[in-house]
Amino acid sequence: MTARVDYETLFTEHVADGVVLLTLNRPDRANGVVPELARDMVEALTALEADLSVRALVLTGAGKQFCAGADLKEMNRYLAEDMPRTGEPYNARVIFPVIERVVGSRLPVIAAVNGGAAAGGFDLALACDIRVASTAAKFGETYIRLGLPPGNGGTWFLPRLVGPGLAAELALTGDVIDAARALQIGLVNRVVEPEALIDDAVGTASRIAAWSWRAVQMTKQSLRAAWQQDLAASLATNYWAAVGLQAGPDVKEGVAAFVEKRPARFNQQDAR
């Protein structure tokens, strides 16, 4: 159950039935994002999504920080040496692919925020479907301190999660808030003690992983789509999801189990 796969900048572990823990592993650099980490994230997610035994993902950081966003030492080098040649901002080259893969993944992703989540690291947490924070967690949309606007989806995620006023305050001041304040304004689902963080996140992931992975995937996609849809469009999404799933084995099993008053056994066709 704890089979571990090591990449250069992160590692994955199967920690429960259907659940994988992905740990960013650059603790000496506050798990800052460099090109190698972006590459490893894309490779790891591709491998996990192809494995139908994996049905939920928990994302955390090694050491005392969740993710500091861009590794500023590497970004400084990039601005001096590479950007004059490429013309491409560092975040677009390095962090965009990570954000897009987390949002677009078939897997529900739970952020277990163990420490600081700043700038791109904050946006990475926002890109996850559920956020559980340690009491030691800190959150900051701190781009303004670098002379930058939010650069990795924060201006898209934040207003949808906390409303335009609070989003503007966080982005324009660069203030860092603690876990209690993050819970108060709806940025995180709950706050737990540091020693309980991973168990709490894995427990939630396990509850999700027990359901039909097809239903979970369509639920995630429908929720994401609804952020930009009116009710009619959202109902159309629900309709086509039902068309695709109601003829399948998991819906038949779920309905039969309810009628027969027994626990449903989902995902059996994928275990053979």
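Brief remarks on what is shown
- Of all DSSP bridge pairs formed entirely within the chain, close to 35 percent run antiparallel.
- Per-residue [θ]222 nm for the chain (sum of -39500 (n - 2.57) over DSSP H runs n ≥ 4, rounded to 500): -14000 deg cm²/dmol
- Cα convex hull, the chain: 149 Å³ per residue, rounded to a whole number.
- With Cα atoms defining each centre, the range 228-272 and the range 146-166 are spaced 34 Å apart in the structure.
- Reciprocal of mean inverse Cα separation for the range 1-99 (Kirkwood radius, Å): 14.3 Å
- When the chain is treated as a Gaussian network with alpha carbon springs shorter than 10 Å, the biggest mean-square fluctuation among GLY69, GLY120, GLY147 belongs to GLY147.
- When each of TRP211, TRP227 is scored by the number of other beta-carbon atoms lying within 10 Å, the sequence from fewest to most is TRP227, TRP211.
- Distance cut-off 17 Å, percentage of C-alpha pairs in the range 118-177 lying past it: 31 percent
- Rel. contact order, % - alpha carbon contacts under 8 angstrom, at least six apart, the chain: 16 percent
- Where Cα atoms sit under 29 Å apart: lysine pairs in the chain separated by 8 or more or lying on different chains: 7
- Contour excess over end-to-end distance, with Cα ends at GLU36 and VAL243 and 0.36 nm allotted per residue: 70.5 nm
- Highest-fluctuation residue, ASN189, ASN31, ASN91 considered, GNM on the chain with Cα pairs under 10 Å: ASN189
- Cα-based Kirkwood hydrodynamic radius, the range 46-142, one decimal, Å: 14.4 Å
- Measuring between their Cα centroids, the range 116-131 and the range 43-73 lie 12 Å from each other.
- Footprinting exposure proxy for CYS128, CYS67 (fewest neighbouring C-beta atoms within 10 Å first): CYS128, CYS67
- For the chain, size of Cβ-based charge dipole, Lys and Arg +1, Asp and Glu -1, in debye: 540 debye
- Fully extended contour minus Cα-Cα distance, from ASP199 to GLU100, at 0.36 nm per residue: 33.0 nm
Each reported figure results from applying straightforward, stated rules to the coordinates on display, with no laboratory input. Note that the structure is predicted; figures quoted are calculated from it, not measured. Neighbour counts run over all protein chains shown; Cβ positions are idealised from the backbone, glycine included.
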